[in-house]
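Below is one structure, written out as structure tokens; the observations come after it.
No lab work stands behind these numbers, since they all come straight from the coordinates. This is a predicted model, so every value here is computed, not measured. Here the Cβ positions follow ideal geometry from the backbone for every residue, glycine too, while neighbour counts run over all protein chains shown.
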Amino acid sequence: MKYDIILAGVGGQGILTIAYMLDNAALARGYRIRQAEVHGMAQRGGAVYSHLRFSDREIVSDLIPRGQADMILSVEPLEVQRYLPLLHRDGVVVSSVHPFKNIPDYPDEKAILDALLELPRALLVDAKAIATANKMPRAENMAMLGAALPFLPFELADFDPFIKAQFERKGEHAVLANQAVLAQGFRMGMAVKERLDAGMPADAAYRETHTSL
């Protein structure tokens, strides 16, 4: 069993935290992992991406071959477009609906989201609404991670020790709030996955689920 994931976004959106959570959860479950060096500019606004691979067998390369990614998990919708050639035909895209407009000629937002919803297995996440509802507006990355988990071999409880390790210095409230954001993202991701698995188009699944936030 193997999972190849592209993590994407821009600096300041918490991509490295998502990678940390997935790396440690995979190791705790006994998987072997390989991760390519994060590319791009880590400061706020620069493009960032990472190849994350975990498997119960040996992994030869850090890089995911073209057409083999099981998932693109992006905290920025336009960034998805860069990596679609790496996505497997049965792969899933999990993307935020909120753009980070770091270029002057940023394309039309609706056109970007409509194009993503034409993909057969796409999950768009209003991560800002989830994070804000839990009084943790900077935790959009945790909402994104939670939404992706129904498509991965993990349970919510797998992440409790790593959330604690990452956020306990900010106090118990930060730990509990990040856990709540992760859980709400998970519930939304599960609702969308059930609809996609039943054959519902991605745009219809999005319309049915995002209004419940």
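Measuring between alpha carbons in the structure, the pairs from 128/164; 110/164; 128/170; 101/128 lying more than 27 angstrom apart are 110/164.
Place a label point 7 angstrom from the Cα of residue 176 along the Cα-to-Cβ direction, then list the residues of the range 124-151 whose backbone nitrogen is under 13 Å away. In the range 124-151, the label zone of residue 176 (backbone N under 13 Å from the point 7 Å along Cα→Cβ) covers 135.
Amide H to amide H distances under 5 Å link residue 92 with 71, 72, where only residues 5 or more positions off or on other chains count and H is placed in the peptide plane. Each eigenvalue of the Cα gyration tensor of the range 19-121, multiplied by 5 and square-rooted, gives one semi-axis; in descending order these are 26, 17, 12 Å.
Partner aspartates and glutamates whose Cα lies under 20 Å from the Cα of residue 135, excluding those fewer than 8 positions away in the same chain, are identified as 126, 160, 168, 172. Put a dot 7 Å past the Cα of residue 1, heading toward its Cβ, do the same for residue 82, and the two dots end up 3.1 nm apart.
By the helix-only formula, in which each DSSP H run with n ≥ 4 contributes -39500 (n - 2.57) and the sum is divided by residues, the chain has a 222 nm mean residue ellipticity of -12500 deg cm²/dmol. Within the chain, DSSP assigns beta bridges of which about 55% are antiparallel (rounded to the nearest 5). Rg and Dmax of the chain, based on Cα coordinates, read 16.0, 45 Å. Of all the Cα-Cα pairs you can form in the range 144-208, what percent are over 13 Å apart? That fraction is 64 percent. Note on residue 101 and residue 27: the model spin-label points, each 7 Å out from Cα along the C-beta direction, lie 4.1 nm apart. Nearest 0.05, what FRET efficiency do residue 165 and residue 62 give at R0 = 41 Å with Cβ-Cβ as r? That gives a FRET efficiency of 0.95. Averaging 1/r over each pair of different alpha-carbon atoms in the range 120-173 and inverting the result gives 12.4 Å, the Kirkwood hydrodynamic radius.
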